[in-house]
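All remarks here apply to the structure that follows.
The values are calculated or read from the model by the stated rules, or taken from the named source; none is laboratory data. Remember, it's a predicted structure, so these values are computed and weren't measured experimentally. With ideal geometry, Cβ positions are generated from the backbone for all residues, glycine too; neighbour counts draw on all protein chains shown.
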Amino acid sequence: MRALITGGAGFIGSHIQDKLIDLGHKVAVVDNLRSGKKENLNPQAKFYELDIRDEKLDQVFSEFMPEIIFHLAAQNEVPYSMDHPFEDQDMNIVGMMKLMELSAKYKVNKVIYSNTGGAYYGDLSQDKIPTREDTPVLKPTSFYGVSKASAELYLKLYGNLKNIAWVSLRYANVYGPRQDGNKEAGVIAIFTSKLLKKEIPKINGDGFHTRDYVYVGDVVEANIKAIDYPENDYFNISTATEVSNNQVFETIEAELKTGIAVEHGPNRPGDPLHVTLDNTKAKEKLGWEPKVDFKTGVKLTVEYYSKNF
Ligand SMILES: NC(=O)c1ccc[n+]([C@@H]2O[C@H](COP(=O)([O-])OP(=O)(O)OC[C@H]3O[C@@H](n4cnc5c(N)ncnc54)[C@H](O)[C@@H]3O)[C@@H](O)[C@H]2O)c1
């Protein structure tokens, strides 16, 4: 199968790329290297250094003729979206529209979208946590969450109008090797790289904010399951387990044993207090469930950063 991965030089996209190549598929990557890295590219993947909104994307489609698209290219930082809402929507919504226009023109069979689940549903009362896919979004908290959720509507609309199959995977907080430890998102990568540099990590808020951390290998498996899934559908991809920022720090520190204590700073705008996503639908319909528990995932991640430090 010919698979095009947008954002394939990034953290999650590069793992999907490697898995597809292992499975014997032909892979092309479109990435403008905004946050992705050339060293994440598999030598067997064809690489196009390009913004997905660029007119030249048409040539990529006509040359590579993708049968399936894994769409990951995005502005994906909540704080950046709060300061640059127009740029965020252009990247995430217009980017999706351009991709779907070309998918229709070149008769792509299926688009699998890497959506956010963590930022999708906004701030919710405790009785809505773990959050199910059908939960109404009443209090969105970030421009990022809104642009990614809107892009899913465009995916559904184009898919249904133009007869392109689609699956949207709404991820909880993804972590694992290759996540950028210098960016604002990805607390596990950030804390690990700070501790390795003997710097003091800072928790935004009191550390009792909770998130649902899903290991990147499990996220790749969800994408693979989505290839043959026979319907158009959307799923939370999560562990349905709450882990606080304090627990994240303690689990990493238990691996690295630096003796460094964490500092606390102010809350970040746009961040909901608690995020845990119900994954019953993915278990029952997609046949997917997370295999890597938090302690094991952190161990694998810390090992990777220690080796690549
Ligand atoms: N990491 C997470 O916890 C998480 C959670 C939920 C959803 N997601 C989604 O998964 C996807 C991948 O995220 P990631 O964590 O791997 O981030 P990442 O920053 O490592 O990857 C994004 C990739 O897209 C590329 N890109 C950005 N804008 C582009 C554009 N206009 N044209 C072409 N390429 C462009 C970047 O260079 C990068 O390689 C994103 O869509 C993100 O919204 C991630």
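What are the residues in the stretch 109-131 that are in contact with a helix residue (DSSP H, G or I) (Cβ under 8 Å, 6 or more places away or on another chain) and more than 16 Å from the ligand (Cβ to nearest atom), if any? Hit for the stretch 109-131 is LYS110, nothing else. Determine if the stretch 291-299 includes at least one residue that is outside the structural domain of SER142 (by TED's automatic domain parsing), surrounded by 12 or more Cβ atoms within 10 Å (Cβ to Cβ) and closer than 24 Å to PRO136 by Cα. Looking for residues that are outside the structural domain of SER142 (by TED's automatic domain parsing), surrounded by 12 or more Cβ atoms within 10 Å (Cβ to Cβ) and closer than 24 Å to PRO136 by Cα, one finds none in the stretch 291-299, hence no.
How about the stretch 69-91: which of its residues are within 12 Å of the ligand (Cβ to nearest atom) and polar (S, T, N, Q)? Scanning the stretch 69-91 gives GLN75, ASN76, SER81. Right, THR131: buried (at least 19 other Cβ atoms within 10 Å of the Cβ), within 20 Å of the chain's Cα centre (by Cα), modelled with pLDDT under 95 and of a type outside the set (Asp, Glu) or not? The answer is no for THR131. Only one of the numbered conditions (1) under 19 Å from GLU101 (Cβ atoms); (2) among the aromatic types (Phe, Trp, Tyr); (3) in a helix (DSSP H, G or I) is violated by PHE191, and that is (1). Listed here are the strands (runs of 3 or more DSSP E) enclosed by the stretch 29-122 that have at least 1 residues being crowded, with 24+ Cβ neighbours inside 10 Å and of a type in the set (S, T, N, Q): 110-116. Among the residues making up the stretch 17-68, those that are within 9 Å of the ligand (Cβ to nearest atom) and more than 19 Å from TYR106 (Cα to Cα) are ASP31, ASN32, LEU33, ARG34, SER35, GLY36, LYS37, ASN40, GLU49. Inside the stretch 269-288, residues that are in contact with a Ser or Thr (Cβ under 9 Å, 6 or more places away or on another chain) and surrounded by fewer than 18 Cβ atoms within 10 Å (Cβ to Cβ) make up a count of 2. Residues in the stretch 258-267 include none that are of a type in the set (A, V, I, L, M), modelled with pLDDT of 95 or more and under 25 Å from GLY181 (Cα atoms).
For ASP31, the test of being at pLDDT 95 or above and within 30 Å of PRO266 (Cβ to Cβ) is failed.
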